[in-house]
Amino acid sequence: MTLITRAAICRAGGSPWEIADIELDEPKANEVRIKFMAAGLCHSDDHIQKGDSPMRMPVVGGHEGAGIVDAVGDGVTRVAVGDHVTCSFIPACGSCRYCSTGRQNLCDAGLNAGTGMFADGTFRFHLDGADLGGLCVLGTFSQYAVVSEFSVIKIPEDIPFDIASLVACGVPTGWGSAVRVAGVRAGDTVVIYGSGGV
């Protein structure tokens, strides 16, 4: 059964975000439907909207989000209906050659981030007969979205959704840039030039 959800979509680079009621398919095998309670607005979303980053359009925006699992497809083992979750803009299947060698940031499941298309070549969002991708195959700017179970992480229920949504991108990106790329360690003195979209 198709669900109608309200979402912020971008029809083309340079066009404004637009609120629309769109159709959402049921989750297929290894997919979950999330009712989003909070979503973060990242500078990456701004790049997509302005046309600075090529992306298949139209697209449901948002790759930072947290909410409650509303439905699950066959074979889902990582989460259950009612679980509180946050999203990962880079999925981690846990079994591809990258995940199994500690390089989850290169997971094969993240192949379609720029199209929003699922691994089976289909889409879950639709508007007026056209397929819409979700940014990073998520689309957190929608009230509901269907995503891969590889893109969700169960969180304790006492973590506020607004905080959990920031952990979906802003925190790991900032922390990863400082610790992994710049090599900043406790006790170092550093200078920060801007703080990005956050």
Value of Rg to Rh for the range 139-198 (Rh from inverse mean 1/r over Cα pairs, i.e. Kirkwood):
1.06
Say we join alpha carbon atoms closer than 10 Å with springs in a Gaussian network model of the chain; which of Asp25, Asp120, Asp45 then has the biggest fluctuation?
Asp120
Pairs of alpha-carbon atoms within less than 8 angstrom and 6+ residues apart define the contacts here; what relative contact order does the range 32-96 have, in percent?
37
Please compute the per residue accessible area over the chain with all protein chains in place, 1.4 Å probe, rounded to a whole number of Å².
52
Under the Karplus relation 6.51 cos²θ - 1.76 cosθ + 1.60, θ = phi - 60°, what is the ordered set of whole-Hz ³J(HN,Hα) values for the range 33-39, x standing for Gly and Pro?
9, 10, 8, 6, 9, 7, 9
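At 1.567 mPa s and 4 °C, plugging the Kirkwood radius over alpha-carbon pairs of the range 8-132 into Stokes-Einstein gives what diffusion coefficient in µm²/s?
Estimated diffusion coefficient is 82 µm²/s.
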Normalised by the number of residues in the range 34-148, what is the relative contact order in percent for Cα pairs under 8 Å and 6+ residues apart?
31
Rounded accessible area of Thr173 (nearest 10 Å², 1.4 Å probe):
60
Convert each backbone phi in the range 76-87 into a coupling constant with the Karplus relation 6.51 cos²θ - 1.76 cosθ + 1.60 (shift: θ = phi - 60°), then list the ³J(HN,Hα) values in order as whole Hz, x for Gly and Pro.
5, 10, 7, 9, 9, 3, x, 5, 7, 9, 10, 9
State the percentage of accessible surface on the chain attributable to carbon and sulfur atoms; use a 1.4 Å probe and exclude ligands, DNA and RNA.
56
Just to be sure I understand: with springs between alpha-carbon atoms less than 10 Å apart, which residue in Val184, Val72, Val81 has the highest mean-square fluctuation in the Gaussian network model of the chain?
Val184
Could you work out [θ]222 nm for the chain from helices alone, using -39500 (n - 2.57) per DSSP H run of at least four and dividing by all its residues? Round to the nearest 500 deg cm²/dmol.
-3000 deg cm²/dmol
Within a Gaussian network of the chain (alpha carbon springs, distance under 10 Å), most fluctuating of Val167, Val60, Val146:
Val167
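The values are calculated or read from the model by the stated rules, or taken from the named source; none is laboratory data. Predicted model only: the values in this text are computed from it and were never measured. Side chains included, ligands, DNA and RNA excluded: accessible areas come from the protein's heavy atoms. Shrake-Rupley method; radii C 1.70, N 1.55, O 1.52, S 1.80 Å.
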